[in-house]
Amino acid sequence: MDGPGFIGYLILEPVFFPLSACVFFSFFSLVLFGSDFFLLEFAFSLPLNRRAALLFLIPMLKSSFPCELVSWDDMYEYGRILSGKIREDHWRPDAVVAIARGGYVPARALCDFLMIDRLYSVQVHHWGNTGQKSLPKAKLWHALSADLKGKNVLVVDDLGDTGQSFDVALGEVRKHKPKSVKTASLFVLENCKFTPDYFVSRKPWKWMVFPWNFAEDVSNLVAGIFDAKSEDKKSLDMVAEELKSKHGFSVPKEKLQHVMTDLVLRGVLQPYWVSGHLLRWMSAQKPKGGFLRGGSKISKR
C-alpha cells in the first residue's frame with residue numbers, strides 16, 4: 001500500500017472496524033493469489049455501509065486488468081476450428097471481407113482453410129489505448145472497393161467487443177448488393193451486443209493480445225508499469241513479474257527484451273548501465289547534457 005493510502009486507512013480505522021473477519025479471509029488471498037487479488041477480496045468483503053474504503057483501493061487497482069496472450073500456433077488451431085464451423089453450416093462464401101486492421105490475419109487464414117481466392121478489406125476506426133473498455137464510436141475510415149453483387153460474403157474481424165465495427169462494416173458491404181452476408185470472429189466478449197454467425201468461443205472481458213498487435217499492446221502495458229515522474233529502475237525480471245501480477249500473462253524473456261529495446265529507441269524508457277553492463281530500465285527523463293548511465297551523465301555524440 002502506498003503512503004497516502006496507508007495514512008487514509010489509519011484515519012478511517014476507528015470508523016470501519018471491526019474488520020477482523022475481512023482481514024482474516026483476505027490474508028489467505030494475499031498468500032495464495034498475490035496483492036491484486038488480496039485488495040479485491042478485502043474491498044468486496046467490506047460491509048455495504050463501509051464502501052467508502054474503496055476510495056483508497058481504486059487508485060491501486062485501476063492499472064490492473066486481465067489480458068490473454070494469443071500465439072501464432074494458437075492462431076492455426078483457432079483458424080482450423082472457425083473454418084470447420086463454417087463448413088458444418090453448409091454455406092460457402094465466394095469472397096471474404098476483412099475488417100482492418102484486426103481482421104486481416106484471421107480473414108487470410110480462413111481463405112487458406114476454405115480455399116477462397118477473393119479477399120477484400122474495409123477499414124473501421126474503433127480502437128483506443130491498450131486495456132481501454134470505453135471506446136470511441138466506430139466510424140468508416142476506408143470504404144470497400146469490390147464487386148460483391150450476387151455473391152456470398154463473409155465479413156471477418158479478430159474480436160467481437162462492442163459489435164460496432166461489425167455494424168459499420170456490414171452497412172458498407174450491403175451497399176454492394178451481395179446475395180448473402182455472414183460474419184465471423186475468433187472470439188466474442190460477454191459484453192458484446194453483436195453475435196457473429198461463427199466464432200470459436202465466448203469469453204469474459206479481457207484484453208486480447210494477438211500476435212499481430214503484440215508489439216503495440218505489450219509496449220503500452222510495459223510503459224504503464226513505469227512512472228514517468230519517478231526514477232525507479234526495473235530489471236527485466238521485475239517487469240515480467242509486474243506483467244504477470246497486473247495482467248495475468250507471461251511474456252517470453254527474449255520477446256520482452258525486444259519490447260524494452262524498442263521503448264528505448266522510441267524515447268519512452270531509458271537504459272541504466274553500470275560498468276558497461278545493462279542492468280535496468282527507467283522512465284526516460286531526457287536530462288540536459290546526455291542520457292543517464294549508471295547515475296552519471298554521458299554526453300551524446
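Consider the range 168-189. How many of its residues are more than 19 Å from Ile81 (Cβ to Cβ) and open to solvent by 20 Å² or more (accessible area, probe 1.4 Å)?
10
What about Phe214, is it of a type outside the set (Gly, Ala, Ser), closer than 30 Å to Leu278 by Cα and modelled with pLDDT of 95 or more?
Yes, satisfied.
Residue by residue through the range 96-110, note down the ones that are modelled with pLDDT of 95 or more and either assigned to a loop (DSSP other than H, G, I, E, B) or surrounded by fewer than 21 Cβ atoms within 10 Å (Cβ to Cβ) (or both).
The answer is Gly103, Tyr104, Val105, Arg108, Ala109.
Name the strands (runs of 3 or more DSSP E) wholly inside the range 112-193 in which the number of residues that are in contact with a Phe, Trp or Tyr (Cβ under 6 Å, 6 or more places away or on another chain) and at pLDDT 95 or above is 3 or more.
The qualifying strands (runs of 3 or more DSSP E) are 180-189.
Quickly run through the range 253-277 and pick out the residues that are more than 16 Å from Phe226 (Cβ to Cβ), open to solvent by less than 100 Å² (accessible area, probe 1.4 Å) and assigned to a strand (DSSP E or B).
Listed by number, the residues that qualify are Trp273, Val274.
Please work out if Val156 is touching a Pro at 6+ places or on another chain (Cβ under 8 Å) and either within 16 Å of Ala100 (Cα to Cα) or surrounded by 21 or more Cβ atoms within 10 Å (Cβ to Cβ) (or both).
yes
Anything in the range 76-95 that is part of a helix (DSSP H, G or I) and open to solvent by 10 Å² or more (accessible area, probe 1.4 Å)? List them, or say none.
If the condition is that a residue be part of a helix (DSSP H, G or I) and open to solvent by 10 Å² or more (accessible area, probe 1.4 Å), then Tyr76, Glu77, Tyr78, Arg80, Ile81, Gly84, Lys85, Arg87, Glu88 are the ones that fit.
The values are calculated or read from the model by the stated rules, or taken from the named source; none is laboratory data. Bear in mind that the values here come from a model prediction, so they are computed numbers and not experimental data. Please note: Cβ atoms are built from the backbone with ideal geometry, for glycine as well, and neighbour counts cover all protein chains shown. Surface areas here come from the heavy atoms of the whole protein model, side chains and all, with no ligands, DNA or RNA. Shrake-Rupley method; radii C 1.70, N 1.55, O 1.52, S 1.80 Å.
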